[in-house]
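Asker: Let me give you the structure first, and then I'll get to my questions.
Values in this text are rule-based calculations from the coordinates and carry no lab data. Just so it is clear, the structure is predicted and the values come from calculations on it, not from any experiment. Here the Cβ is made from the backbone with ideal geometry for all residues, glycine too, and neighbour counts use every protein chain on show.
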Amino acid sequence: MTFRNRRVAKAIFLITLILLLFVSNHWKMPTFYGPEFLFGGITALAMVLVLGWRSPRDRFLSLEATNRQKDEFLATLSHELRTPLNVIVGHIDYINHLFPDLNPKLRTSFDAIQRNAKLQNQLVSDLLDVSSIITGKMEFDPVLTSLEEIVRSAVESASFSAKAKGISLELECHERLATIMGDPARLRQVVWNLLSNAIKFTPKGGHIVVVLFSDGTNFLLKIRDDGLGIEPKFLTHLFDPFAQEDNSATRSFGGLGVGLSIVRHLVEMHDGKISVFSRGKGHGTTFTMSFPIAQASSKDLPIVELALPELAPNFVDLKVLIVDDDPDSRDLMEMLLQKTGAKVVVASTAAEALFSCTHELYDLIISDIGMPGEDGYTFIKKLRKSDQAKSRFQPAIALTAYIRETDRIKALDAGFQVHLSKPVNFQQLNAQILNLTSSSSIAVTVN
């Protein structure tokens, strides 16, 4: 309500109150249907009209503004949480690579730091995904995809966690290629989430089996474990947002309770179905997913992901500009790239980076997005419009904690060739560096 409306409401209230006092002096015995009631009704009606009534357009604009503020808050939350996580995960990866034969006690400590940092990153991602589902803004880019490759890759990645916990993880793949129309990143998210849950709820010495097969119409993917199991009465609520079988303060397992609701939504976005079966506590759990078969030959399939090089490839004499206002993130990137032989220059602001680019030609620019003064979008736009022709075409990667689909599109539209999210996977980063510096590239994104 505007200041003017508040003044009008107060004026109406005061005038009515004066009239009521005046009338009361003439009618000493007020009745329910007397003047007091009449004027009281008028006052209430006036207050409702002035204070409470809004047109449908006003309500729409208000809801739109609230929704925009929520999106901006979540984007800021993601940025503020992912930036320090990027530094933590990056340094641990670097230490693990630099000292493979680290003291067992130190190794245990570093593994615990890395594991919990990645858990925090997953929680942030889950919150953003839930918000995207609610608002209908979930990123989804379906292409012809090999489900077999997705599953094999996820099982290989999860095998390290399973082995560390003393759990056997087996893959039975009865289908070659298993082509479906799907978003590779989202499919990896589905399989990884279910495998992580299976490892989480399966005790030491347990078994997990992943089976991929076809019924002639759909590809079916089963993930079966002999872990804790689920009470039958809770199965109908398992895919509900924030549903947890044990919400008590003494529960044995953490989490937000949103992972499986996200999984169901992603499966349904692929025109698929997901179900769960368990005979109860102590009898394990089986998740079954089905995806419609897409007809395609192997040559029709896109490359699901770039081949990942070693953590420290040879980038000798590669001139790289790092742009980041956070000193810890900037120092981490400088240290890692110098280790590969690259010649690194750093800048803490967009203005500083732009000045450097006009006086030096770089093989690659890696820039943050959220920076004080001018952000990464402004920097790359100005660079692409530079008066110096050579400066305009320097390849650039946006390395940022802003990871929404709108952020990705905005980065690519501004002039970046690649959009990478923090915390960065350094093997993926190195793969993109090789890709950008060895040949002309189209805009891509890696989350």
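Asker: Going by how many other Cβ atoms sit within 10 Å of their own, how do PHE416, PHE73, PHE277 line up, fewest first? All intermediate terms of the calculation are to be shown ahead of the outcome.
Answerer: Details: PHE416 28, PHE73 11, PHE277 16.
Placing the least packed residue first, the sequence is PHE73, PHE277, PHE416.
Asker: What net charge do the residues around PHE219 carry, taking every other residue with its C-beta under 13 Å from that of PHE219, with Lys and Arg at +1 and Asp and Glu at -1? Walk me through the numbers on the way to the answer.
Answerer: Working: positive: ARG176, LYS222, LYS273; negative: GLU148, GLU149, GLU175, ASP215, ASP271.
Around PHE219, the surrounding residues sum to -2.
Asker: Now, a different point. Give me, ordered by chain and number, the residues 5 or more places off GLY227 or on other chains with an amide H under 5 Å from its own placed amide H.
Answerer: GLY284, THR285
Asker: Can you run phi through the Karplus equation (6.51, -1.76, 1.60; θ = phi - 60°) for the stretch 346-358 and list ³J(HN,Hα) in whole Hz, with x for Gly and Pro?
Answerer: Couplings: 10, 9, 9, 9, 5, 4, 5, 5, 5, 4, 5, 5, 7 Hz.
Asker: Now for a different question. Normalised radius of gyration for the stretch 141-186, please: alpha carbon Rg relative to 2.2 N^0.38 Å, two decimal places. Don't jump to the answer; show the numbers that get you there.
Answerer: Values: Rg = 12.5 Å, N = 46, 2.2 N^0.38 = 9.4 Å.
Scaled against compact globular proteins, the figure is 1.33.
Asker: Provide the per-residue ³J(HN,Hα) series for the stretch 400-415, in order, calculated from phi with Karplus coefficients 6.51, -1.76, 1.60 and θ = phi - 60°, each as a whole number of Hz, with x at glycine and proline positions.
Answerer: Computed from phi, the couplings for the stretch 400-415 are 9, 8, 8, 10, 5, 4, 5, 5, 4, 4, 4, 5, 5, 5, 5, x Hz.
Asker: Okay, next question. With r as the distance between the Cβ atoms of GLN69 and LYS200 and R0 = 35 Å, compute the FRET efficiency 1/(1 + (r/R0)^6) and round to 0.05. Before the final figure, lay out the partial values.
Answerer: Values: r = 35 Å, r/R0 = 0.99.
Using R0 = 35 Å, I get an efficiency of 0.50.
Asker: With the Cα gyration tensor of the stretch 319-446 giving a ≥ b ≥ c as the square roots of its eigenvalues, does the rule (a/c under 1.5 for rounded; else a/b larger than b/c for prolate; else oblate) give rounded, prolate or oblate?
Answerer: Taking the square roots of the gyration eigenvalues as a ≥ b ≥ c, the stretch 319-446 is rounded.
Asker: With the contact rule set at Cα under 8 Å and sequence spacing of 6 or more, what percent relative contact order holds for the stretch 143-300? Can you show the working numbers first?
Answerer: Numbers: 298 pairs, mean separation 41.1, N = 158.
Reported as a whole number, the value is 26 percent.
Asker: Which pairs, out of LYS204/LYS233; LYS163/LYS233; LYS165/LYS200, put more than 21 Å between their alpha-carbon atoms?
Answerer: The answer is LYS204/LYS233; LYS163/LYS233.
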